[in-house]
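Here the structure comes first, spelled out in structure tokens, and everything after it is commentary.
The values are calculated or read from the model by the stated rules, or taken from the named source; none is laboratory data. All values reported here derive from a predicted model rather than from experimental measurement. Note: ideal-geometry Cβ built from the backbone for every residue, glycine included; neighbour counts use all protein chains shown. Each accessible area value is taken on the protein alone, full model and side chains, heavy atoms only, with ligands, DNA and RNA left out. Shrake-Rupley method; radii C 1.70, N 1.55, O 1.52, S 1.80 Å.
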Amino acid sequence: MNEREKLLIDQAYKEVEQYRNTVVSDPYRLTYHIMPDVGLLNDPNGFIRFKGEYHLFYQWNPFQTAHGAKFWGHYTSTDLVHWNHEPIALAPSEWYEKNGCYSGSAVEKDGNMFLFYTGNVKDGSGNRETYQCMAISKDGVNFEKKGPVIMLPPGYTAHFRDPKVWKEHDKWYMIVGAQSENKEGKAVLFCSDNLSHWEHLGPIAGTNMNGLGEFGYMWECPDLFALNEKAVLIVSPQGLEPQGDMYHNLFQSGYFVGEIDYEKVHFKHGAFTELDRGFDFYAPQTTLDEKGRRLMFAWMGITDDQEPYHPTIQHRWIHAMTLPRELVLNGSKLYQKPVQELQNLRRNEVSHECIELTKRDVSFEKIEGQSIELKVNTMKLEGEMFDILFRDNARFVYDPVRQRASFERKRFNDNMWEARHCQLDKLEKLQVFMDTSSIEIFINDGEEVFTSRIYPNVNNSSIRFSVKGKAAFNLQKWDLRNTP
Ligand code: FRU
């Protein structure tokens, strides 16, 4: 490790020490989600199962609750639920990454962990350079930087980043998020025999490709993998206009399902589907674990106009990861299931069977709390509207007539209600994970998900049910254990 790297890492740890009390005294600190010790966390990076442990790295600015020269923070876990904070993995110390070790991924080769990430460089007038870099570790904790392995190919602007690497047919592949010179978002494929020398194969999807038409000016954080013999491309496009109930967040994250021909460098795919319908979900990344599960984390945040108003900023931290989710492909639809291991957090089960509800604003004994899991099952809905109000600050609504599900929350800056919607033929099940300042609502075993940060009154634990008409359902609720 060189002097500059040592210095940056020391400064980051000093920042953690200096603000530890400020941060931990925040009543909005989450109790079972991954957060930064101080400063700003964004994308999940380098998610991998390596030598019996899950590793999850994250984009981290220790020095501000705003974006800047990112580090890679690092957590490990044996069960996806309890996470250990590891030493800082990457600090932006070198010329080729001086404005940030931006997002990337991890693979294992010959017992070593290889990280691929974007070295972000900006000059005084904001001009960018981008380098796809490699770092290697024997133990999965200490990394040796090898510098750039890919320079910007012709035809693209310097918005060229977020390498995701995987192995297929005995070859290594990398997909990179890109913007072409004519300002079209693209996903660009490379291949390699040895991880060091990369061949540029070209774009496989993007604006004005494969029948897609105009589809954003930049694609971030692509991730390509096989599921049920299909190829799935997850990507976070920027620049989509709202369309009906879709694309109302500043940026989107979603997927295409199709078939890929690696020889012909061709990906034939269907329509884009948003992964999440809530306010705070971006830059998801997946990995395959030893049980064969395709697991996904996403950043439970986004760089929108609400970002400067998260009240946690007063406590010197901002943002968190979503819960880990398993992806399952049903036809051409991705379902997201909270990983089974989360059941280990359950305690104090409360259940109510066969509730018949015919009015508004009803609460049920012990169905309340702040860090809880709530299941609503076997619904019969004869009415126009069913809704659940969480802590007077967030609401799930289903309208069986319009077959539309909605999530509403109070905006951070002015406390006004704002809403997101999606089409839903039938409401059968809800599984809600609420934490002190977040909510993740899984509908019908993960057919749709609403993920959002919320900032209710810290003493408010109420959950109230309403119906216009008649609803019948079972309720199950657990308190969820704190994870360190
Ligand atoms: C997505 C993103 C990536 C980039 C990283 C920087 O949120 O903009 O494209 O690598 O964040 O932190």
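Scan the stretch 82-94 for residues that are buried (at least 19 other Cβ atoms within 10 Å of the Cβ) and in a loop (DSSP other than H, G, I, E, B) and jot them down. Break it down into steps so the answer makes sense when it comes.
Filtering the stretch 82-94 for residues buried (at least 19 other Cβ atoms within 10 Å of the Cβ) gives 83, 88-94.
83, 88, 89, 91, 92, 93, 94 - these are the residues of the stretch 82-94 that are buried (at least 19 other Cβ atoms within 10 Å of the Cβ) and in a loop (DSSP other than H, G, I, E, B).
Hey, could you check the stretch 121-136 for residues that are of a type outside the set (D, E, K, R) and within 14 Å of the ligand (Cβ to nearest atom) and say which is farthest from residue 158 (Cα to Cα)? Spell out the reasoning first.
Of the stretch 121-136, the ones of a type outside the set (D, E, K, R) are 121, 124-127, 130-136.
Next cut, within 14 Å of the ligand (Cβ to nearest atom) only: 121, 130-133.
Values: 121: 9, 130: 6, 131: 9, 132: 11, 133: 15 Å.
Once the filter is applied, the top-ranked residue is 133.
Within the stretch 335-344, identify whether any single residue is within 16 Å of the ligand (Cβ to nearest atom) and not aromatic (Phe, Trp, Tyr), and answer yes or no. Quick ask: steps written out before the conclusion?
We begin by selecting, within the stretch 335-344, every residue within 16 Å of the ligand (Cβ to nearest atom); these are none.
The answer is no; no qualifying residue exists.
Applying the condition of being acidic (Asp, Glu) and farther than 18 Å from residue 104 by Cβ to the stretch 19-78 and asking which residue is nearest to the ligand (Cβ to nearest atom) yields 37. No other residue among 297, 256 is within 16 Å of the ligand (Cβ to nearest atom) and not in a loop (DSSP other than H, G, I, E, B) apart from 297.
For the criterion of being assigned to a loop (DSSP other than H, G, I, E, B), on the phi > 0 side of the Ramachandran plot and aliphatic (A, V, I, L, M), residue 240 fails. If you go through the stretch 95-117 and keep only what is within 13 Å of the ligand (Cβ to nearest atom) and either open to solvent by 10 Å² or more (accessible area, probe 1.4 Å) or of a type in the set (Phe, Trp, Tyr) (or both), you end up with 99, 102, 116, 117.
Residue pairs whose Cβ atoms lie under 6 Å apart, sitting 6 or more positions apart in sequence or on different chains, and linking a residue in the stretch 101-113 that is modelled with pLDDT of 95 or more to a partner that is away from the ligand (no atom under 16 Å from the Cβ) and outside any strand (DSSP E or B), are 112/138; 113/140.
As a summary of the residue check, residue 368 satisfies the conditions (1) acidic (Asp, Glu); (2) surrounded by 13 or more Cβ atoms within 10 Å (Cβ to Cβ); (3) outside any loop (DSSP other than H, G, I, E, B) except for the one numbered (3). Within the stretch 433-446, at least one residue is open to solvent by less than 10 Å² (accessible area, probe 1.4 Å), closer than 24 Å to residue 361 by Cβ and in contact with a helix residue (DSSP H, G or I) (Cβ under 9 Å, 6 or more places away or on another chain). Selection of the stretch 35-48 for residues being open to solvent by less than 10 Å² (accessible area, probe 1.4 Å) and in a loop (DSSP other than H, G, I, E, B) yields 36, 38.
The single condition among (1) under 26 Å from residue 273 (Cα atoms); (2) of a type in the set (Phe, Trp, Tyr); (3) touching a Phe, Trp or Tyr at 6+ places or on another chain (Cβ under 9 Å) that residue 417 does not meet is (3).
Here is a check on your reading of the model: is residue 170 among the charged types (D, E, K, R) and within 16 Å of the ligand (Cβ to nearest atom)?
Numbers: among the charged types (D, E, K, R): yes; within 16 Å of the ligand (Cβ to nearest atom): no.
Here the answer is no, as residue 170 does not meet what is asked.
Within the stretch 337-356, identify whether any single residue is open to solvent by less than 10 Å² (accessible area, probe 1.4 Å), within 16 Å of residue 474 (Cβ to Cβ) and touching a strand residue (DSSP E or B) at 6+ places or on another chain (Cβ under 6 Å), and answer yes or no. First the steps, then the outcome.
Residues of the stretch 337-356 that are open to solvent by less than 10 Å² (accessible area, probe 1.4 Å), as a first pass: 339, 342, 345.
Now drop any that are not within 16 Å of residue 474 (Cβ to Cβ), which leaves none.
No: zero hits.
The C-beta contact set for the stretch 161-181 (first residue within 10 Å of residue 219 (Cα to Cα), second residue within 14 Å of the ligand (Cβ to nearest atom) and not in a strand (DSSP E or B), distance under 8 angstrom, 6+ apart or interchain) comprises 179/217. Exactly one residue among 288, 275 is over 25 Å from residue 396 (Cβ atoms) and either open to solvent by less than 10 Å² (accessible area, probe 1.4 Å) or of a type outside the set (Ser, Thr, Tyr) (or both), and that residue is 288.
Residue-wise test of (1) within 16 Å of the ligand (Cβ to nearest atom); (2) in the same structural domain as residue 220 (by TED's automatic domain parsing); (3) touching a Leu at 6+ places or on another chain (Cβ under 9 Å); (4) of a type in the set (A, V, I, L, M).
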position	(1), (2), (3), (4)
119	yes, yes, no, no
138	no, yes, no, no
164	yes, yes, yes, no
177	yes, yes, no, no
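Can residue 193 be described as within 16 Å of the ligand (Cβ to nearest atom) and not basic (Lys, Arg)? Judged against the criteria, residue 193 is not a match.
Criterion applied to 229, 263 was being at negative phi and among the charged types (D, E, K, R), and the one residue passing it is 263.
Let's see how each residue does on (1) more than 18 Å from residue 105 (Cα to Cα); (2) basic (Lys, Arg); (3) open to solvent by 10 Å² or more (accessible area, probe 1.4 Å):
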site	(1), (2), (3)
170	yes, no, yes
173	no, no, yes
189	no, no, no
192	no, no, no
197	no, no, yes
217	yes, no, yes
238	yes, no, yes
241	yes, no, yes
244	yes, no, yes
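Against the definition (within 16 Å of the ligand (Cβ to nearest atom), among the hydrophobic types (A, V, I, L, M, F, W, C) and not in a strand (DSSP E or B)), how does residue 212 come out, yes or no? No; evaluated as a whole, the condition is false for this residue. Entry remark, the stretch 331-358: residues being without any contact (Cβ under 8 Å) to a residue 40 or more places away in the chain, over 19 Å from the mean Cα position of the chain (by Cα) and not in a loop (DSSP other than H, G, I, E, B) number 1 in total. Screening 59, 18 for residues that are open to solvent by less than 10 Å² (accessible area, probe 1.4 Å) and among the polar types (S, T, N, Q) leaves exactly one candidate, 59.
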